[in-house]
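Structure first, commentary second.
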2 protein chains.
Amino acid sequence: MPTDFNPSCPLPLADHATVQLAHGGGGRLMQELIEGLFLPAFRADDGSALEEAPPHDSAVVEIGGSRVAFTTDSFTVSPLFFPGGDIGHLAVCGTVNDLAMAGAKPVGLSAAFILEEGLPMETLRRVVASMRRTAAEVGVPIVTGDTKVVDRGKGDGMFINTAGIGVVPDGVDISPARVTPGDAILLSGDLGRHGIAVMSVREGLSFEGVPKSDCASLAGLVGSLVDADPDIHCLRDLTRGGLAAALCEIAGHARVGIELREASIPVTEPVAGACELLGLDPLYVANEGRLVAFVPAEAAERILDVMRGHPAAPEPVIVGTATEDHPGTVELCSPLGGRRIVDLLSGEQMPRIC
Amino acid sequence: MPTDFNPSCPLPLADHATVQLAHGGGGRLMQELIEGLFLPAFRADDGSALEEAPPHDSAVVEIGGSRVAFTTDSFTVSPLFFPGGDIGHLAVCGTVNDLAMAGAKPVGLSAAFILEEGLPMETLRRVVASMRRTAAEVGVPIVTGDTKVVDRGKGDGMFINTAGIGVVPDGVDISPARVTPGDAILLSGDLGRHGIAVMSVREGLSFEGVPKSDCASLAGLVGSLVDADPDIHCLRDLTRGGLAAALCEIAGHARVGIELREASIPVTEPVAGACELLGLDPLYVANEGRLVAFVPAEAAERILDVMRGHPAAPEPVIVGTATEDHPGTVELCSPLGGRRIVDLLSGEQMPRIC
């Protein structure tokens, strides 16, 4: 790793002299920040890189013959409490899910708090109790932590970082690099609930049946999938940027095309209604308890059956296929035969939903 | 882990209805927050706990026969750049040092950024370049990361969380629980530079020879110490709360007394002068590149010799002894034979120095 690294020249980031909200939004600007600044800076001389190439929700490092998955996530969601969850619940599930997306069995989490002076102690207690409850439900201990306090006006109540470590079982190799033309794409349930739940509080919306966040651990579901078929090619949870961002990234890294069947994508009535009201596209809205699985076509029905038995996969469906055609591009096929390209948004639809 | 945990009753935290700056200051209030709220919440039914009992800078978990150390630290230092370092340098060294304090050889770090909208991109570039440089010098790759952006006025430029994993070599068992009456206490160098360096910028002080932060990786030093004598009992870096807080914590957890010889504690002239000016006690000022080692008395001189050869231990000295007398209490012995008790401060001398 040369130490004379100077990233100030060849980056497209030059377009923005300052950090924009969209740099954290899961869209093209965030991708540019990661690929233009972070990856080149943290890539080692041997070509191994931050988040390995192709990027992944967890890094996997070899320790004494075991493959240890390692991941980190900061949570800045606003407000701290929302229908169906809170920042603590989210912080535990989010990091557990990042481990699960590498096929890893979670072993332990860290919890680091950045508190703003003046935060009600009762708020902290409620969030900590929620983290405890969620960690107990998932069966993953919180083993280490840190606390910082910043002056009033220099934070926003509470930010939480959780990092996690897990073990990838022998025989499991889950990565965008393994996606192959012909793979079936399975989706575990309906889209858009988390983002809409958070936005509904923030915008003070009250409409019939405000959806609850789908925020949930996917570790149990992934454990069942891997037990049933260790040959799953790729898993991805559908957080910032939603299903669209997840598929665009995978298509780009795996150099496959993706065809998505619009009619098969489940979106509930309240989410569809709220999206219309707010001018959002449910394909891009964040979820915190949904995943896509890329699996060999011949295994698709069997794996769908395993999903069907699992509470974390309320409405599993096959939503598309990886193709040799149009590598790097995701196409949405409408019921009437129309096609449109699904691209990364440059900015984001909704800031601070995680 | 029962899920009906309700931490709102038996805590001394009731004294404070809101979070105070001092809850992050490394003193008694932070200890109360950790022991009153976080530890009970995250302790498992089998008695195993967050940061193990007694607390430690890293948790150690068993993975496939290896002992994996795991730690996390958020950095909120203000200002982002200070004499001798910056938040990026600090974020890499701080977490590497937490791993080293468990005797672990660092394997990989994560880097999670919480950026404030409007942060100059050039500031981010400089910090990232500093992290890259430091990680390369230490020889620890940054393997995974995360980026969040919060709205203007809801952050303070940049916060960074680094988590780290490492491997504890066979035969090494470093923990406060191993401290024994009779142990010699070795200090690796002069005190107070980091805190004073940060404060000098913040307070706009300009005096002769403003000290540079001592911020540095201790991983190489610890590697040499452990190679020379795997039987080192306890290591602790002297961050928030300084030497005083580190020794008070160890005395409390190991149930030993500690006698500290005032005359042997190295403090440079500029640090002593700045402390007088600012009304600070160098015993409590934060360091980011200093450690104490508790070692069997008969090994003390040999280990001191190893320290002497190492650039990360500029002025190693024996500063005291663990005793059977006054367990849990640290006493400072003056050159004239006076004694005073060194206690945790309830608050903190200096907010946001790390």
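Coordinate-derived values only; no laboratory data. Small disclaimer: the values here were computed from a predicted structure and weren't measured. Note that each Cβ is placed from the backbone with ideal geometry, even for glycine, and that neighbours are counted across all protein chains shown.
Taken residue by residue and averaged, Cβ atoms of other chains lying within 10 Å of the Cβ of A:24-37 number 2.
Within the straight-line cut-off of under 29 Å between alpha carbons, the lysines reachable from A:Lys154 are B:Lys148, B:Lys154, B:Lys212, sequence neighbours fewer than 8 places apart in one chain being disregarded.
On the principal axes of its alpha-carbon atoms, the protein assembly as shown has extents of 93, 55, 47 Å, going from largest to smallest.
Residue by residue, region B:264-269 carries 3J(HN,Hα) couplings of 8, 7, x, 9, 6, 4 Hz when phi is fed to the Karplus relation 6.51 cos²θ - 1.76 cosθ + 1.60 (θ = phi - 60°); x denotes Gly or Pro. Modelled spin labels at A:Asp281 and B:Ile341, positioned 7 Å past Cα toward Cβ, are 6.7 nm from each other.
In sequence order, region A:15-30 has phi-based couplings of 4, 10, 6, 10, 5, 9, 3, 5, 5, x, x, x, x, 5, 5, 5 Hz under the Karplus curve 6.51 cos²θ - 1.76 cosθ + 1.60, θ = phi - 60°, and Gly or Pro positions carry x.
With neighbour counts taken as other beta-carbon atoms within 10 Å, the residues B:Asp151, B:Asp170 rank, fewest first, as B:Asp170, B:Asp151.
Take B:Thr18, move 7 Å from Cα toward the beta carbon, and the resulting point lies 2.7 nm from the same point in each other copy, nearest first.
Each peptide among B:18-28, B:132-142 gets the average number of other Cβ atoms lying within 10 Å of its residues, and from highest to lowest they stand as B:18-28, B:132-142. Considering only Cα atoms, the convex hull volume of region A:55-168 works out to 109 Å³ per residue.
For region B:176-342, the convex hull drawn through the C-alpha positions has a volume of 106 cubic angstrom per residue.
Plainly put, the tip 7 Å out from Cα toward Cβ on A:Leu277 is 5.9 nm from that tip on each other copy, the closest given first.
Sorting the segments A:102-113, B:93-104, A:57-68 by their residues' average number of neighbouring beta-carbon atoms within 10 angstrom, most packed first, yields B:93-104, A:102-113, A:57-68.
Neighbour counting of Cβ atoms within 10 Å sorts the residues A:Val149, B:Val271, fewest neighbours leading, into B:Val271, A:Val149. Inter-chain Cβ neighbour count for B:128-137, averaged per residue, equals 5 (cutoff 10 Å, partner chain atoms only). In chain B, helical runs assigned H by DSSP with n ≥ 4 each contribute -39500 (n - 2.57); averaged across all residues and rounded to the nearest 500, the mean residue ellipticity at 222 nm is -8000 deg cm²/dmol.
Across chain B, the convex hull enclosing all Cα atoms gives 156 Å³ per residue.
The distance between label points at B:Val201 and B:Thr18 comes to 2.9 nm (points 7 Å beyond Cα on the Cα→Cβ vector).
Given region A:55-168, what percent of its DSSP beta bridges are antiparallel, to the nearest 5? Bridges in region A:55-168 are about 75 percent antiparallel. Sorted from nearest, the other copies put their B:Pro311 label points 5.6 nm away, the label point being 7 Å from Cα in the direction of Cβ. Consider all pairwise Cα distances in region A:69-119 and report the whole-number % of them above 11 Å. More than 11 Å apart: 71 percent of the Cα pairs in region A:69-119.
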